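Asks: Can you keep this structure in mind? I'll have questions shortly.
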Amino acid sequence: MGKKSIQEIEEIRNRKRQELELRVNTKADTREKHILVCHGTGCTSSKSPKIIENFRKILEEKKIKNVRVIQTGCFGLCAKGPIVIIRPEDTFYAQVKPEDCEEIIQSHIVEGKTIERLLCKDIDGTIVNRLDELNFYKKQKRIALKNCGVIDPENIDEYIAFDGYKALYQVLTTMSQDEVIDEISKSGLRGRGGAGFPTGKKWSFAKQNEADQKYVICNADEGDPGAFMDRSILEGDPHSVLEAMAIAGYSIGATQGYIYVRAEYPIAVQRLKVAIDQARDYGLLGKDILGTGFDFDIDIRLGAGAFVCGEETALLESIEGRRGQPRVKPPYPANKGLFGKPTIINNVETLANVTRIILNGAEWYASIGTEKSKGTKVFALGGNVNNVGLVEVPMGTTLREIVFDIGGGIPNGRKFKAAQTGGPSGGCIPAEHLDTPIDYESLTEIGSMMGSGGLIVMDETKCMVDIARFYLDFTVSESCGKCTPCRIGTKRMLEILERMCERKSRARRFKQIRKISQ
Amino acid sequence: MNGKAEPDDLNKLERLANNIKKSAICGLGQTAPNPVLSTLKYFREEYVEHVSYNKCRAGYCRALCNLVINPEKCRGCGICKRNCPVGAISGEVKMPHEINQKICIKCGTCADKCPFHAIEKQTI
Ligand SMILES: Cc1cc2nc3c(=O)[nH]c(=O)nc-3n(C[C@H](O)[C@H](O)[C@H](O)COP(=O)(O)O)c2cc1C
Ligand code: SF4
Ligand code: SF4
């Protein structure tokens, strides 16, 4: 362990890459087998840690040597969790229980017989052997989630094996600050945190401002009800975010980064801590990174637990130790951000795209997506849809493709009524707009928003007035109260909606008043 | 028309929404009305039904639905009858019970108490 030179990093990469060939190649020439178990929040809550423990115990008891059990990030199909994948053959077992481990080892590993009972059934009833045979995966394109479900997020060597920290070295040794920003600008990458601001432009503003200190902040506060894209990236591939922050730091001239992460994401926080320690140990964070003379370090700041703290200026207040209330803009953070210094704030998913853009080139990235929205978008698909989970699709994919082809349609033979995108800041999209290609502009045009990527499907048993009430109820309790229209106006709106849904009688309101005054 | 929401409520809602959008400081307030505005745009008839006809077509808002006992699920245990605060439920032991819609105040107590989930919401 300890600081590594670039030669040593390359050695690790080559050695590990060969060892891990079986993760991505079903024809890999190996005698090893890897049992991959999802260790994201979803599968963890349905006992995946116990499954990992059981596998390891049984392997030891049976003295089986060439099989390794790996904990990975989210595979995406959370509805079928806990998920176990055996490579290189890429067999996909769904809804595995801790009791099934014995049979999997005995039958699959020892006797080489696939266990039909645990194979996943597609929506049309066909039994699927391999992950990518599922309709769920066919229309997806994984860029931000590339490593999720492939590598062990707590092992930096595995990240390095799949081109990890290569983009950072390339940037530090062959590109000027402006070249990096140009590349990001040309790629057309826009902020995935909601507003869709061009990332290259944001970085160039911060670079232009001279200052003795600048900051890079990763916004991992993800407070939208129903959203878990950022959590999954942090849990499955934390190093990609760290590496991108260092690249951003170099391009604007910052030496310190902060990750503002929700305290409600204990697994993500833990993975980030491990990843930062490992990166520091290898000299990929800290002073004189890879012998290039560039200093950059990252610290974690835990979120204060309010939705509004995800708003960039409230987030700054919160890191500075004050109550998380938004500031009036301008000045924008790129001019006067954290502690009054130029600061860029980027969303987790935005950052997860950066290393891929550097390595594959801006043209490659710009070739994916629509005219004004490039690349892919990760959605947390939920609600009344068969395949609940995490999906990543090229911009311009239609809602119909996401709900019916990837999501497998509406359960219980019911009809589609609406899809809600953008959480409490977005809107409901009716069936007549199912064929709209999704990008930032088209969603705004039909009265919704891209938002951070929550996508909730609703069937005909959902009342639209009640849905509006639900989201407004959320904003009312999350409003920080700094300005009157938001504090009082939303409350008045909510009261009207409640009146509609509940026929709230005078008597009940009196009861409420009595309760408050007691 | 005996609903508690007033017909002017829809206009009031829209006016408030547009004002908040324009005047709030941060994105939270500026976007908060979106769920309301978008549903008002695409599902306006549902709002009108709620306000003017006391009807929830999705059968979701309890106060705007009839609570009915599904005779196939009801075992006639009588728990609902004993818990109903206005005595709207009648029925013989071990026979399907019935809710008198004229008396029922739609408090939902019976549905919460029924051990067999026999009490369902039905669109009016
Ligand atoms: C109320 C509110 C909550 C927000 N929450 C988040 C959040 O949880 N995560 C996030 O990345 N951006 C959030 N944003 C957007 C941020 O203010 C900011 O635009 C974003 O982090 C910029 O990063 P990007 O350009 O990479 O998207 C929120 C905005 C508002 C108004
Ligand atoms: S009161 Fe609402 S709009 Fe105003 S700053 Fe607070 S959260 Fe933002
Ligand atoms: S509580 Fe349920 S099962 Fe019992 S009488 Fe009432 S409806 Fe029937």
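Asks: Mind checking which lysines have their C-alpha under 18 Å from A:Lys207, skipping anything on the same chain fewer than 8 residues away?
Replies: Hits, sequence-local ones excluded: A:Lys186, A:Lys336, A:Lys341.
Asks: So, one more: Consider just the alpha-carbon atoms of the stretch A:376-460 and return their Rg together with their Dmax, both in angstrom.
Replies: 11.2, 33
Asks: Rounded to the nearest percent, how much of the accessible area of chain A (1.4 Å probe, protein heavy atoms only) is carbon and sulfur?
Replies: Carbon with sulfur: 48 percent of the solvent-accessible area.
Asks: What Kirkwood Rh does the stretch B:65-123 have if only Cα atoms enter the pairwise 1/r average? Answer in Å.
Replies: Across the stretch B:65-123, the inverse of the average 1/r is 11.0 Å.
Asks: Now, a different point. First select every other residue whose beta carbon is under 11 angstrom from the beta carbon of A:Lys329; then total the charges, Lys and Arg +1, Asp and Glu -1. Write down the numbers at each step before the final one.
Replies: Values: positive: A:Arg327, A:Lys336; negative: A:Glu311, A:Glu312.
Net of charged neighbours comes to 0.
Asks: Report the label-to-label distance for A:Glu320 and A:Lys47 in nanometres (one decimal), using points 7 Å from each Cα along the Cα→Cβ vector.
Replies: Each label point lies 7 Å from its Cα, and together they span 5.0 nm.
Asks: Suppose a student asked you for the relative contact order of chain A, using Cα pairs under 8 Å spaced at least 6 residues apart; what percent would you report? Mind showing how you got there, number by number?
Replies: Values: 1036 pairs, mean separation 76.5, N = 518.
Dividing the mean separation by the residue count of chain A yields 15 percent.
Asks: Given a cut-off of 32 Å, name the pairs among A:Lys202/A:Lys273; A:Lys80/A:Lys491; A:Lys80/B:Lys94; A:Lys329/A:Lys372 whose C-alpha atoms lie farther apart than that in the structure shown.
Replies: With Cα atoms farther than 32 Å apart: A:Lys80/A:Lys491; A:Lys80/B:Lys94.
Asks: If you roll a 1.4 angstrom probe over the protein chains with everything in place, what fraction of the accessible area of the stretch B:65-123 belongs to carbon and sulfur, to the nearest %?
Replies: On the way: 1870 of 3740 Å².
Summing carbon and sulfur atoms, their accessible area is 50 percent of the total for the stretch B:65-123.
Asks: Would you work out the charge dipole size for the protein assembly as shown about its Cα centre, treating the Cβ of every Lys and Arg as +1 and the Cβ of every Asp and Glu as -1, and quote it to the nearest 20 debye?
Replies: 2700 debye
Asks: Using helices alone, I'd like the mean residue ellipticity at 222 nm for chain A: each DSSP H run of four-plus residues gives -39500 (n - 2.57), total over residue count, nearest 500.
Replies: -10500 deg cm²/dmol
Asks: Still on this structure, please answer the following. Setting aside same-chain residues fewer than 8 positions from B:Lys106, which aspartates and glutamates have a Cα under 12 Å from its Cα?
Replies: Result set, ordered by chain and number: A:Glu502, B:Glu120.
Asks: Right, here's the next one. Grab every C-alpha pair in the stretch A:341-482, bin the distances at 5 angstrom width from 0 up to the longest one, and report whole percents.
Replies: 2, 9, 17, 20, 18, 14, 10, 6, 3, 1, 0, 0
Asks: If I take all pairs of Cα atoms in the stretch A:330-392, what percentage of them are more than 19 Å from each other?
Replies: Summing the P(r) tail past 19 Å for the stretch A:330-392 gives 56 percent.
Asks: Could you tally the net charge around A:Asn66, taking each other residue with its Cβ under 10 Å from the Cβ of A:Asn66, Lys/Arg +1 and Asp/Glu -1?
Replies: Taking every other residue near A:Asn66 into account, the sum is +3.
Asks: Something else: Please list, or write none, the lysines whose alpha carbon is within less than 21 Å of the alpha carbon of A:Lys415, excluding same-chain residues fewer than 8 places away.
Replies: Partners found: A:Lys462, B:Lys41, B:Lys55, B:Lys121.
Asks: Taking square-rooted eigenvalues a ≥ b ≥ c of the alpha carbon gyration tensor, is the stretch A:1-67 rounded, prolate or oblate, where a/c under 1.5 means rounded and, failing that, a/b exceeding b/c means prolate?
Replies: prolate
Asks: Which cysteines does chain B leave without a neighbouring Cys Cβ under 4.7 Å?
Replies: By the Cβ distance rule, which asks for a partner under 4.7 Å, the isolated cysteines are B:Cys26, B:Cys65, B:Cys74, B:Cys77, B:Cys84, B:Cys104, B:Cys107, B:Cys114.
Asks: Give me log10 I(q)/I(0) at q = 0.16, 0.17 Å⁻¹ for the stretch A:31-138, Debye formula, one equal scatterer per alpha-carbon, no solvent.
Replies: The Cα Debye sum returns log10 ratios of -0.65, -0.73.
Asks: When you count, for each residue, the other Cβ atoms within 10 Å and take the mean per peptide, how do A:197-204, A:14-21 rank with the highest first?
Replies: By packing density, highest mean first, the sequence is A:197-204, A:14-21.
Asks: Summing both sides, how much accessible area is buried between A and B? Use a 1.4 Å probe and give Å² to the nearest 100.
Replies: In total, chains A and B hide about 3600 Å² from solvent.
Asks: So for the stretch B:20-124, what are the equivalent ellipsoid semi-axes in whole Å, largest first, each being the square root of 5 times an eigenvalue of the Cα gyration tensor?
Replies: 39, 14, 11
Asks: Moving on to the next point. Just the Kirkwood number for the stretch A:131-214, please: inverse of mean 1/r across all distinct Cα pairs, in Å, one decimal. All intermediate terms of the calculation are to be shown ahead of the outcome.
Replies: Details: mean 1/r = 0.0631 Å⁻¹.
After inverting the pairwise mean of 1/r, the radius is 15.8 Å.
Asks: Taking the radius of gyration and the Kirkwood hydrodynamic radius from Cα positions alone, what is the Rg/Rh ratio for the stretch B:8-53, to two decimal places?
Replies: Radius of gyration over Kirkwood radius for the stretch B:8-53 works out to 1.04.
Asks: A further question follows. Sort out the exposed loop trypsin sites (Lys or Arg not before Pro) in chain B (DSSP loop, at most 12 other Cβ within 10 Å) and tell me the longest stretch that has none.
Replies: Working: sites that count: B:Lys94, B:Lys102.
Longest gap between qualifying sites, sites excluded: B:1-93.
Asks: Can you give me the angle between helix B:9-23 and the longest principal axis of chain B, using Cα atoms only, in degrees from 0 to 90, rounded to the nearest 10?
Replies: With rounding to tens, the tilt is 40 degrees.
Asks: Still on this structure: Return the Rg/Rh ratio of chain A with Cα-based radii and a Kirkwood Rh.
Replies: 0.98
Asks: How large is the accessible surface per residue of chain A, computed with a 1.4 Å probe and reported in Å² as a whole number?
Replies: Accessible area per residue: 39 Å².
The values are calculated or read from the model by the stated rules, or taken from the named source; none is laboratory data. As the structure is a prediction and not an experimental result, all values here were calculated from the model. A quick note on method: Cβ atoms are made from the backbone with ideal geometry, for glycine too, and the neighbour counts reach across all protein chains shown. Each accessible area value is taken on the protein alone, full model and side chains, heavy atoms only, with ligands, DNA and RNA left out. Shrake-Rupley method; radii C 1.70, N 1.55, O 1.52, S 1.80 Å.
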